[in-house]
Ligand code: NAD
Ligand code: LMR
C-alpha cells in the first residue's frame, strides 16, 4: 500500500531548497481540525492562502480523542498535496500541546447548530471548551498570539476565552463576523448587479446571530451611496433579515452548517488583521469594545475596522441614525444577556 514518508504527523514536509528562500516558519493552531470547517481551512492555510507563498507554516491541530484517527487521514492528505509552504503538521487532543508557542490560533472546534436551533442554544454546551482553551492559550501560546473564535456562539465564546487568558491582551482574541460581512457584500452586489469588488464600506454591528445589524448607511456601490441604489423597504425588510438568517438558510439547504464559506471568512479575517485591509475600505471583526459607539467596554461586539501594520482599529466618527441605534442596541443587549449567562466561567 502506498504510504508517503512525508505525510505522517510531525514529519518534516518541506524540502531544503524551499526553506532557503523563505521566512522563519510560523505556528498555526487549529482546533476542531477534523471537522467540516477544518477540512476546508487546513488546505488553504497550508497552500499559502493565509500569509502568502513565501511564509512557511507549521500546523498544530487539536481534536477530541475519538477524532484523532480520522484527523490522521487529513494529515496524510496534507502531505500528499506536497505544499511548498507546509513545514510540518502535528496533532494532539491536549490544548496545552496544540497551542504551544502558537503565533495564530483558529478556534473552530465546537458543536454546530442543527435545523431549528439558534446559535445561542449552543452557549452552555460549548462554553466549557473556551474556558479550557483560554487557559491553555494563556499558559502556552506565543505572547503575541492572534486568535479568531469561529465556534458558536462566537462573540461570547471569545469573551470566555479572553477572560480565561488574563496574561494576554484581550485585543488578541477576536470573533468572526467576516462571514456575515461577506454575505452582506455579496447580496448587495447581486441586487445592484455589480461585481463584488465595486461594493465598499458595508459593515456588521454586534453579534454573530440574528440580531446582528448589517449596515448599508455608509456603504457605496460603484462609488455612489448604496442606499440611493436600492429601495429602502428592500434594505430594511428583506436584506437585513436575509443576511442575518443566511446561516440557517444554508443549514436548511445543505443539512449542515456552512463550512467552506466559513473557512474562507476565517482566513480572510486573519489575513486582513496581519496584512491589512484594502485602502479605502474596511471590514467587520468582533473585537472587545473600547467603548466606541456607546457599546460597553469589553463586550465582544462586531465593528467596522481597518487593519494596518498588524493592528486593527475601529472606524470612528460614523453617523448613527435612530434606525441604526435601535438595532445596534438590540444586538448589544443580546450580547449582554449571553455574557450574564456564562459569568461563572470567567477566570478569577
Ligand atoms: P463540525 O462538527 O464539523 O466540527 C467540529 C469539530 O470540533 C469536530 O471534529 C469535533 O470533534 C471538534 N471538537 C469538539 N470539541 C472540541 C474540543 N474541545 N477541542 C477540539 N476539537 C473539538 O462543525 P463545523 O461545521 O466545523 O463548525 C464548527 C463550529 O463553527 C460550530 O460551532 C459552528 O456553529 C461554527 N461556525 C461559526 C461560523 C461563524 O460565522 N462564526 C460559521 C460557520 C460555523
Ligand atoms: C453560519 O452563519 O453559517 C454559522 O454560524 C453556522 C450557523 O449556525 O448558522
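Output the number of residues of the stretch 95-124 satisfying the condition of being more than 24 Å from residue 44 (Cα to Cα) and more than 9 Å from ligand 1 (Cβ to nearest atom).
10
Taking the stated definitions as given, is residue 313 part of a strand (DSSP E or B), in the same structural domain as residue 203 (by TED's automatic domain parsing) and away from ligand 1 (no atom under 16 Å from the Cβ)?
So residue 313 passes the test.
Could you please give the count of residues in the stretch 207-237 that are farther than 24 Å from residue 314 by Cβ, touching a helix residue (DSSP H, G or I) at 6+ places or on another chain (Cβ under 9 Å) and in a helix (DSSP H, G or I)?
2
Any residue at all in the stretch 150-157 that's more than 10 Å from ligand 1 (Cβ to nearest atom) and either surrounded by fewer than 22 Cβ atoms within 10 Å (Cβ to Cβ) or in contact (Cβ under 8 Å) with a residue 12 or more places away in the chain (or both)?
Yes: one or more hits.
Got at least one residue in the stretch 192-215 being farther than 30 Å from residue 308 by Cβ and within 11 Å of ligand 2 (Cβ to nearest atom)?
Yes, there is a match, as at least one residue in the stretch 192-215 is farther than 30 Å from residue 308 by Cβ and within 11 Å of ligand 2 (Cβ to nearest atom).
Hey, any hits in the stretch 74-92 for a residue that's in the same structural domain as residue 49 (by TED's automatic domain parsing), more than 9 Å from ligand 1 (Cβ to nearest atom), more than 23 Å from residue 254 (Cα to Cα) and free of Cβ contacts under 8 Å to residues at least 40 places away in the same chain?
Yes, the stretch 74-92 contains a residue that is in the same structural domain as residue 49 (by TED's automatic domain parsing), more than 9 Å from ligand 1 (Cβ to nearest atom), more than 23 Å from residue 254 (Cα to Cα) and free of Cβ contacts under 8 Å to residues at least 40 places away in the same chain.
In the stretch 24-42, which residues are buried (at least 24 other Cβ atoms within 10 Å of the Cβ) and without any contact (Cβ under 8 Å) to a residue 40 or more places away in the chain?
The answer is 42, and nothing else.
Let me spell it out: the conditions are (1) within 16 Å of ligand 2 (Cβ to nearest atom); (2) farther than 16 Å from residue 175 by Cβ, and residue 302 meets all of them except one. Which number is the exception?
With respect to (1) within 16 Å of ligand 2 (Cβ to nearest atom); (2) farther than 16 Å from residue 175 by Cβ, residue 302 is out only on (2).
Within the stretch 241-272, count every residue that is within 10 Å of ligand 2 (Cβ to nearest atom), within 15 Å of the chain's Cα centre (by Cα) and assigned to a helix (DSSP H, G or I).
Of the residues in the stretch 241-272, 4 are within 10 Å of ligand 2 (Cβ to nearest atom), within 15 Å of the chain's Cα centre (by Cα) and assigned to a helix (DSSP H, G or I).
Considering only the stretch 218-226, I want to know if a residue exists there that is within 16 Å of ligand 1 (Cβ to nearest atom) and either surrounded by fewer than 22 Cβ atoms within 10 Å (Cβ to Cβ) or outside the structural domain of residue 41 (by TED's automatic domain parsing) (or both).
no
If you check every pair at least six apart or on different chains, which have Cβ atoms under 6 Å apart with a residue in the stretch 234-253 that is under 15 Å from residue 185 (Cα atoms) and touching a residue at least 60 places away in the same chain (Cβ under 8 Å) first and a residue that is part of a helix (DSSP H, G or I) and within 14 Å of ligand 1 (Cβ to nearest atom) second?
243/183; 243/184; 246/183
One line per residue, one yes/no per condition, for (1) within 16 Å of ligand 2 (Cβ to nearest atom); (2) more than 21 Å from the chain's Cα centre (by Cα); (3) surrounded by fewer than 16 Cβ atoms within 10 Å (Cβ to Cβ):
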site	(1), (2), (3)
54	no, yes, yes
65	no, yes, yes
86	no, yes, no
90	no, yes, no
98	no, no, no
105	no, no, no
110	yes, no, no
116	yes, yes, yes
123	yes, no, no
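The values are calculated or read from the model by the stated rules, or taken from the named source; none is laboratory data. Keep in mind the model is a prediction, meaning the values are calculated, not measured. We place every Cβ from the backbone using ideal geometry, glycine too, and count neighbours over all the protein chains shown.
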